[in-house]
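> Supplied in structure tokens, the structure appears directly below.
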Amino acid sequence: MASTRPSLAEDVVLRTTPIIDGLPPAGKGCVFTVTNPATTQTIATIPLLGAEAAERAVASNAAALQEWRKRAAAERADILLAWHGLILQNREDLARLLTSEQGKPLNEARGEIDYAASFVRWFAEEARRVYGEIIPAARERRVMVIKQPVGVVGAITPWNFPAAMITRKVAPALAAGCTVTLKPAELTPLSAFALAHLALDAGVPPGVFNVIAGDAPAIGSVLTSDPTVAKFTFTGSTAVGKLLTAQCATTLKRVSMELGGNAPLIVFDDADIDTAVEGAIASKFRNTGQTCVCANRILVQSGIHDRFAEALAARVAAFRVGNGLEGETDQGPLITAAALQKVRDHVGDAVGRGARIVTGGERHEAGELFHQPTVLIGANPDMRLAQEETFGPVAPLFRFANEGEALALANSTRSGLAAYAFTRDMDRFWRLAEGLEVGMVGFNNGIISSETVPFGGVKESGLGREGSRHGIDEFLELKAISLGLPPQPGIE
Ligand code: ADP
């Protein structure tokens, strides 16, 4: 149950260490640093762990699994609820830590902590609803199906949601009775460490949830090839996801992949323009454009195009850009110099191929890693920003004439994560809902994810779903049990 340990603010460094078997592991002296992208200052120095630490972590998961999987679901649920309570109790500190390592505006970081906590509560509730089945198979036997934890789970998460991507995997795994070794992104490990410390405080036993970081390929290689690991779950780029899936093949692990997107956001002539502008902003510019469900291509029908472009650009030009810890901001920095360069390359390539900048287009003076929020018109499918995720604050507008053209353009990619459409025509709503080749569609709104929604993609955007009542299934195996019945004497 919850302890009275001090809050993060009093103890922030101590509580941002890796954890194996309930303890901070001793490193071999090698370290890596975590920087604040808003200031490019170092904020923490972390022991650099590798394959050996990963092997120890997995072994401790295997040992802890024996007891954890046998606990009553209600007991695991209570521990998860205690973790949920501690996350919310430390909300402000966790949000500040998150902004410090990731750069998003503090208000967005608070929202992410709430979002992260929501998965813990949701899966605490789901822990008690892992029902089996009884199948009326044949006269001489009965068939039952029970659901059991998959076992030891390896997890790797990205830097863009340093808290929520952790809980979206770890909470259902723990609820199901699995144990987990997590490797967060080395750019943003502090939130993961802090969450793991709070989990220990909440009563998650040592060895049930380990967190290590450092040499990503070395740790990744253990998590994807050690036969002790039964399930591997990843959120990150499509290229790395494919590599890690291939690595999992040798021991045939269960695999979940949440990979990149190239989301279309389609605005039809009949849309409510204010709703469409607000939806486009929410989808495109949240987290400085660094989410896998961010609108990457904004397709706008000819009749509304110019009014929409003008209204969007006016809103975007008024964004407050700066360090998320200092005052109210709408947009922060990019995560790294390479991320900023990609944004600049995409804008340069688009302008070179005929796009016109309506607002923004350059670096922003707020700091080394900042870019102006940007709106472009005249985008076309030959541009890099149409083919790759820009992962930055650039909204390119593509003009289209009719629904068929828009749908073909929307689906003309190997990605299939999210799509958005703004229309008031219900017939069109159904055609698009069924015709868009994605895992999630937002109509007349730009935010589709919550703990209640099955999150995931089709095509090269992934395998499996997180969140919702389906999310726990990724960590459960079905076992069929056939019970033979003795011959039944006839009843006189
Ligand atoms: P992004 O482009 O968002 O940084 P990545 O796929 O590179 O996405 O990173 C997502 C996660 O994958 C991070 O935790 C990163 O450390 C990890 N990662 C990257 N390359 C490898 C690898 N070869 N093996 C294991 N993990 C990796």
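> Which of the aspartates and glutamates could a cross-linker span from residue 104 if the Cα-Cα distance has to be under 16 Å and same-chain partners fewer than 8 positions apart are dropped?
Here the aspartates and glutamates satisfying the reach criterion relative to residue 104 are 92, 93, 112, 114, 326, 328, 330, 368.
> Here is a further query. What's the magnitude of the charge dipole for the stretch 399-440 around its Cα centre, counting Lys and Arg as +1 and Asp and Glu as -1 at the beta-carbon? Answer in Debye, nearest 20.
It works out to roughly 140 debye.
> Of 375, 150, which has the most accessible area with a 1.4 Å probe, and how do the rest follow in descending order?
Descending accessible area places them as 150, 375.
> Keeping every protein chain in place, order 483, 299, 409 by accessible area at 1.4 Å, biggest value first, i.e. largest first.
These residues rank, largest area first, as 483, 409, 299.
> Can you give the extra length, in nm with one decimal, that the chain gains between residue 318 and residue 405 once fully stretched, where that is 0.36 nm per residue apart less the Cα-Cα distance?
Extra length available between residue 318 and residue 405 comes to 28.1 nm.
> What percent does the relative contact order of the stretch 239-354 come to when contacts are Cα pairs within less than 8 Å and at least six residues apart?
21 percent
> Does the chain come out rounded, prolate or oblate, given a ≥ b ≥ c as the square roots of the eigenvalues of its C-alpha gyration tensor, rounded meaning a/c under 1.5 and, failing that, prolate meaning a/b above b/c?
Taking the square roots of the gyration eigenvalues as a ≥ b ≥ c, the chain is oblate.
> Compute, for residue 479, the solvent-accessible surface of its heavy atoms (probe 1.4 Å) with the complete set of protein chains present, and express it in square angstrom to the nearest 10.
90 Å²
> Further, regarding this structure: Where nothing but the Cβ of Lys and Arg (+1) and of Asp and Glu (-1) is charged, how large is the charge dipole of the stretch 31-259 around its Cα centre, in debye to the nearest 20?
880 debye
> When the helix-only estimate is applied to the chain (DSSP H runs of n ≥ 4, each -39,500 (n - 2.57), divided by the residue count), what is the mean residue ellipticity at 222 nm, nearest 500 deg cm²/dmol?
-12000 deg cm²/dmol
> Using the Cα centre as the reference, give the magnitude of the dipole from point charges on the C-beta atoms of the chain (Lys, Arg: +1; Asp, Glu: -1; all else neutral), rounded to the nearest 20 debye.
1020 debye
> I've got another one for you. Normalised by the residues of the stretch 263-443, what does the relative contact order come to in percent, with Cα pairs under 8 Å and at least six apart?
So the answer I get is 29 percent.
> Would you please give the residues with an amide H less than 5 Å from that of residue 324, counting only those at least 5 places away or on a separate chain, with H modeled from the backbone geometry?
Answer set, sorted by chain and number: none.
> Can you give the accessible area per residue of the chain, in Å², using a 1.4 Å probe?
Roughly 40 Å² per residue, with all protein chains present.
> Between residue 380 and residue 452, what is the FRET efficiency for a Förster distance of 35 Å, r being their Cβ-Cβ separation, to the nearest 0.05?
With a Förster radius of 35 Å, E is 0.40.
> Considering Cα pairs under 8 angstrom that are at least six residues apart, work out the relative contact order of the chain and quote it in whole percent.
Relative contact order, the chain: 18 percent.
> Cα centroid distance between the stretch 52-125 and the stretch 24-49, in Å?
Using only Cα atoms, the two centres lie 21 Å from each other.
> Arrange the residues 485, 88 by how much accessible surface each exposes, largest first, with a 1.4 angstrom probe.
88, 485
> In terms of Cα to Cα distance under 15 Å, which aspartates and glutamates are near enough to residue 479, apart from those fewer than 8 places away along the same chain?
The reachable aspartates and glutamates, counting only those whose Cα sits under 15 Å from residue 479, are 133.
> So, by mean Cβ neighbours within 10 angstrom, what's the order for 412-419, 314-321, 52-59, 208-215 with the highest one leading?
208-215, 412-419, 52-59, 314-321
> Next question. For the chain, with the dipole built from +1 on Lys and Arg beta-carbon atoms and -1 on Asp and Glu ones, taken about the Cα centre, which of 227, 16, 294 lies farthest toward the positive end?
It is 227, whose Cα lies furthest towards the positive end.
The values are calculated or read from the model by the stated rules, or taken from the named source; none is laboratory data. None of these values were measured; they are calculated from a predicted model. Using ideal geometry, Cβ is built from the backbone for each residue, glycine included, and neighbour counts are taken over all protein chains shown. Note: accessible area is taken over every heavy atom of the protein model, side chains too, but ligands, DNA and RNA are not part of it. Shrake-Rupley method; radii C 1.70, N 1.55, O 1.52, S 1.80 Å.
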